[in-house]
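The values are calculated or read from the model by the stated rules, or taken from the named source; none is laboratory data. Keep in mind that this is a model prediction, so the values were computed, not measured. Backbone-built Cβ (ideal geometry, glycine too); neighbour counts: all protein chains shown.
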Amino acid sequence: MNDMFCFQCEQTAGGKACTKVGVCGKKPDVANLQDEITAKLITLARALEGKPACAGCEALFMDALFMCVTNVNFDAADNAAMVARIQAKIDKFGGAPEFKAADLFHGDENVVSLRSTLLFGLRGMAAYAHHARVLGKTDPVVSAWFQKGMKALGDDHTVDEWLGLILQFGQANLKCMEILDAANTGAYGHPEPTQVQTGYDKGPFIIVTGHDLHDLKDLLDQTVGKGVNIYTHGEMLPALAYPELKKYPQLKGNIGSAWQNQQKEFDNMPGVVLFTTNCIMPPRPSYLDKIYTTADVGWPGTKHIKADANGRKDFSAMIQHALSLGGWQEAKHWEPLMTGFGHHAVMAVADKVIEAVKAGAIKHIFLVGGCDGAKTGRDYYTQFVEKAPKDSIILTLACGKYRFNSLQAKLGTIGGIPRLLDMGQCNDAYSAIQVAMALAKVFNCGVNDLPLSLVLSWYEQKAVCILLTLLSLGITNIRIGPSLPAFISPTVLGVLVEKFKLTPIKTADEDLATILGA
Ligand code: SF4
Ligand code: SF3
């Protein structure tokens, strides 16, 4: 008998499922509560069928799905409170036939696989929709999809119907990334190519990690003239390229690398960290009391900062804490990094890129993007970028870039265009899609006909929703690694291979030879 069942991320136990405790640190009580949250959302979606619009349900679906994303909320009390909130809504809407948590991952292998794919995609999209929403952007298609998607999870469908739903969902997620892009750029301007400092200055500090730019802005406003430096970490690095964020002098630069190195990077630090989203790992005792969480993030024993009724967060206690710790005694810096090549910046040099492609100076464009993680096989991505021919450029996004972004200077430029372009966070996959579509238009061909190859790395459910968006756009020949999702059954994989030529990564040498020889 399993204590829990979870197979939603790439580091799942034995490449199959976590059944005793999560490799991520998720305990059975939380895993089972998160199944309960999911089942209750399905029941709520049933209860809402044909009823007048429910105020507050959209945010409820979003928060509930977001907190079940890998490395977001490990606090049993938070998860139990969410179960109760959803039940209260179900009751308010007169109840509905109950979907049982036990039925989520049981039954026909292919149905479980397809249901899980849609569920995990919805969890990923919930995170993006949340960030857009705090900046005042919502979209009716995206909002409707949470209820529609959860309802669909509880219904019976043929394999073809499931696939249809999954691709429709991919289009909804494209819309979601579009509104998040509009929210971020509308509020903070278009990212500009920016050289950022890495390492730290002397003095008190707060590290901000995760994906939420609104939290960072709020904190920057509250730390003006306070004598505390702010650093980004992990997925927050691209924030340093937004005009309305980088103008704050106390926003100094980036510290450390991707999420899986946080236990080492935060060990014994003389400052505090704010987690705005995933990925939080079990904090070591040396810094547990220096962790602050906000929004849907939770870890038992850490301090949580809630928004007030107006959405404002009071960071003063955290700022005082950072000041009292004194910070670093001496500055230490590493090689600077370039970021900020969002679609706006790339389009600004589009003429140069097009000319270089036409003249044969750029023969191939690679998108090497996605999540980082702890697996040794992930050095594939470093090798791939190192070995990519000198007449190619590499677009990247999300935290997987830390595998190779220190190579920026070594990789050099082509006609003044840097060969490695950091487009931003995982949600900035939207930028990569925009650039690919613009190039296809100029060259009067389809995206699949461009000299463009996508080599993706996945870890958690945001990567799932992005992959479904790419498939919904008909993009083929995507390479994915470091391993295939455990929730994709052999039959479903067969369909994805046949329809989309989705391919597991091999070695950097083999894949480069295949791509460039094609
Ligand atoms: Fe295991 Fe990943 Fe689920 Fe954590 S999120 S319990 S590591 S499958
Ligand atoms: Fe990274 Fe968690 Fe996926 Fe946003 S922060 S890409 S893993």
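Given the structure, is Ala77 over 20 Å from the mean Cα position of the chain (by Cα), among the hydrophobic types (A, V, I, L, M, F, W, C) and either part of a helix (DSSP H, G or I) or at negative phi (or both)? For Ala77, the condition - over 20 Å from the mean Cα position of the chain (by Cα), among the hydrophobic types (A, V, I, L, M, F, W, C) and either part of a helix (DSSP H, G or I) or at negative phi (or both) - is met. Looking at Asp372, is it assigned by TED's automatic domain parsing to the domain that holds Arg479, of a type in the set (Asp, Glu) and free of Cβ contacts under 8 Å to residues at least 24 places away in the same chain? In short, no.
Selection of helices (runs of 4 or more DSSP H) fully inside the range 144-258 by the criterion of at least 2 residues being surrounded by 24 or more Cβ atoms within 10 Å (Cβ to Cβ), modelled with pLDDT of 95 or more and more than 16 Å from ligand 1 (Cβ to nearest atom) returns 159-188, 213-222. Residues considered: Ser472, Ser453. Of these, the only one that is farther than 23 Å from His344 by Cβ and either surrounded by 20 or more Cβ atoms within 10 Å (Cβ to Cβ) or modelled with pLDDT under 95 (or both) is Ser453. Return a yes/no flag: does the range 253-273 have any residue that is in contact with a strand residue (DSSP E or B) (Cβ under 7 Å, 6 or more places away or on another chain) and either at positive phi or not assigned by TED's automatic domain parsing to the domain that holds Ala241 (or both). Yes: one or more hits.
Residues being free of Cβ contacts under 8 Å to residues at least 24 places away in the same chain and either assigned to a loop (DSSP other than H, G, I, E, B) or within 13 Å of ligand 1 (Cβ to nearest atom) (or both) are represented in the range 36-52 by at least one member.
Filtered by the rule that a residue be within 19 Å of His321 (Cβ to Cβ) and surrounded by fewer than 23 Cβ atoms within 10 Å (Cβ to Cβ), the range 259-277 gives Glu265, Asp267, Asn268, Met269, Pro270. State yes or no: is Ala80 more than 21 Å from His131 (Cβ to Cβ) and of a type in the set (Gly, Ala, Ser)? Considered against the rule, which asks whether it is more than 21 Å from His131 (Cβ to Cβ) and of a type in the set (Gly, Ala, Ser), Ala80 comes out as yes. Looking across Ala463, Ala436, one residue alone is outside the structural domain of Met177 (by TED's automatic domain parsing), under 22 Å from Ile505 (Cα atoms), surrounded by 24 or more Cβ atoms within 10 Å (Cβ to Cβ) and small (Gly, Ala, Ser). It is Ala463. Tell me whether the range 288-299 contains one or more residues that are out of contact with any strand residue (DSSP E or B) (no Cβ under 7 Å at 6 or more places or on another chain) and over 22 Å from Asp63 (Cβ atoms). Checking the range 288-299: at least one residue is out of contact with any strand residue (DSSP E or B) (no Cβ under 7 Å at 6 or more places or on another chain) and over 22 Å from Asp63 (Cβ atoms). Scanning the range 67-88 for residues that are surrounded by fewer than 20 Cβ atoms within 10 Å (Cβ to Cβ) and over 18 Å from Lys27 (Cα atoms) yields a count of 4. The number of residues in the range 17-30 that are farther than 15 Å from Lys375 by Cα, part of a loop (DSSP other than H, G, I, E, B) and of a type outside the set (Val, Ile, Thr) comes to 6. Being away from ligand 2 (no atom under 16 Å from the Cβ) and buried (at least 16 other Cβ atoms within 10 Å of the Cβ) is true of Ala64. Working only within the range 132-143, note down all residues that are in contact (Cβ under 8 Å) with a residue 24 or more places away in the chain and surrounded by fewer than 24 Cβ atoms within 10 Å (Cβ to Cβ). Answer for the range 132-143, where residues must be in contact (Cβ under 8 Å) with a residue 24 or more places away in the chain and surrounded by fewer than 24 Cβ atoms within 10 Å (Cβ to Cβ): Arg133, Val134, Leu135, Gly136, Lys137, Thr138, Asp139, Val141, Ser143.
Scanning the range 1-16 for residues that are part of a loop (DSSP other than H, G, I, E, B) and out of contact with any Pro (no Cβ under 9 Å at 6 or more places or on another chain), we see that the one that is nearest to ligand 2 (Cβ to nearest atom) is Gln11.
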